[in-house]
Amino acid sequence: MPLSSVISRDFSLRLHNTFGIESHADSYLPVRSAADLQAMLDDPQLSRLPQLMLGGGSNIVLTGDFHGLVLHSCSSGIEIVDADDNTTLVRAAAGVGWQALVEWTLQHGLGGLENLSLIPGSVGAAPIQNIGAYGVEMSACFHSLTAFDLTDGTLFTLDRAACEFGYRDSVFKRALRGRAMILDVTFALPRRWTPNLRYAELAAELAHLPAPSMQQVSAAVSAIRRRKLPDPAVIGNAGSFFKNPLVSRALRDDLLASYPGLVSHDQPDGSSKLAAGWLIEQCGWKGKTLGAAGVYEKQALVLVNRGGARGADVMALAQKIESHVRQRFGVTLEAEPVIV
């Protein structure tokens, strides 16, 4: 099938970003395999266009139309590729929805991803952000991935070390930013599973169960998320908008002296992670609206589309919040979503 028959022009992205922001791409290509990307590279007109890689659209703010080519990951398929006494390797195509992968693993009796239940987005985007929730980061179960180099058309594999995972961070935000498109991800899931209940809220949710199953942990995580976070299908949002800031313990101690209710968690590297939602709430932004964008009533960390919001509305609100938190606490907030 010629590439021209699958390329869409002046393509609306409103249904492909969870904020529900109206934006158009000059050109749009659904990517189902490496062959689609190679065909794009072989096309002298398409290959010269600016490119935007898009997965589930759950971690992006579109601030205008995109004058280039959107490469939308639309591949499918999940399979067990290897297993031994300790580990089962599960490979999922980049276009698979993250929640679909979590449910598949649970249906096959494979634990490890249950704490990451109900996180929106796609499998291919998960390593870029090193998604995490309720005491677990994706990198803990990551084995390897396959990616396509958009500069020269080569396929390459990266293991965990090569991905340089950090807190909501990876090599795809630095050296490989805009250069590599992830095609599939392989996860190493433990054969001998034990629940991870280190996160206090999750432990409290399951306190009535002496030995919760992986399905029960997943259900508990999902219940907590539904109580705290808006459904993007109902209220446009990109989940947690700000990263929890990492500060020195000296600064944390200074803040604690003035704000005894400060929520913080000491990190192995000697820093302290502050709860961004707490900082924002103390500044009075919870439930507030600015233009068509607002702060969710149940969770100050989430910015929402009140209806018809543009990317500029979301960013204006984010900048007001950042400025207020910096002035009051001397702490700089950093946005989680990619700003386009």
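The values are calculated or read from the model by the stated rules, or taken from the named source; none is laboratory data. All values derive from a computational prediction rather than experimental measurement. Ideal geometry is used to build each Cβ from the backbone, glycine not excepted, and the neighbour counts take in all protein chains shown.
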Inset, instruction - Just name the residue that is surrounded by the fewest Cβ atoms within 10 Å (Cβ to Cβ) out of those in region 227-285 that are farther than 13 Å from Val325 by Cβ and among the acidic types (Asp, Glu). - result: Asp269
Inset, instruction - Can you work out which of the residues in region 195-244 that are modelled with pLDDT under 95 and hydroxyl-bearing (Ser, Thr, Tyr) is nearest to Gly287 (Cα to Cα)? - result: Ser240
Inset, instruction - Go through Arg160, Arg168, Arg198 for me and flag whichever is touching a Gly at 6+ places or on another chain (Cβ under 6 Å) and over 30 Å from Asp43 (Cα atoms). - result: Arg198
Legend entry - Conditions (1) small (Gly, Ala, Ser); (2) touching a Leu at 6+ places or on another chain (Cβ under 7 Å); (3) closer than 30 Å to Leu71 by Cβ; number of the one not met by Ala175: (2)
Legend entry - Subset of region 112-146 [within 16 Å of Thr186 (Cβ to Cβ), out of contact with any Gly (no Cβ under 8 Å at 6 or more places or on another chain) and of a type in the set (A, V, I, L, M)]: Leu113, Ala126, Ile128, Leu145
Inset, instruction - Have a look at Val295, Val314, Val325, Val304 and point out the one that is more than 23 Å from the chain's Cα centre (by Cα) and within 15 Å of Ser240 (Cβ to Cβ). - result: Val325
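Per-residue answers, yes or no, for (1) charged (D, E, K, R); (2) within 22 Å of the chain's Cα centre (by Cα):
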{"residue": "Ser8", "(1), (2)": "no, no"}
{"residue": "Arg14", "(1), (2)": "yes, yes"}
{"residue": "Asn17", "(1), (2)": "no, yes"}
{"residue": "Arg48", "(1), (2)": "yes, no"}
{"residue": "Gly64", "(1), (2)": "no, yes"}
{"residue": "Leu71", "(1), (2)": "no, yes"}
{"residue": "Val81", "(1), (2)": "no, no"}
{"residue": "Asn86", "(1), (2)": "no, no"}
{"residue": "Glu103", "(1), (2)": "yes, yes"}
Legend entry - strands (runs of 3 or more DSSP E) completely within region 192-281 that count 2 or more residues being in contact (Cβ under 8 Å) with a residue 24 or more places away in the chain: 236-240, 246-248, 271-274
Legend entry - Positions within region 293-331 being surrounded by 17 or more Cβ atoms within 10 Å (Cβ to Cβ), in a loop (DSSP other than H, G, I, E, B) and either not assigned by TED's automatic domain parsing to the domain that holds Pro260 or not basic (Lys, Arg) (or both), in sequence order: Tyr296, Gln299, Ala300, Leu301, Ala309, Val331
Legend entry - helices (runs of 4 or more DSSP H) contained in region 89-175 and holding at least 3 residues under 23 Å from Pro195 (Cβ atoms): 98-107
Inset, instruction - Please work out if Gly291 is at pLDDT below 95 and touching a helix residue (DSSP H, G or I) at 6+ places or on another chain (Cβ under 6 Å). - result: yes
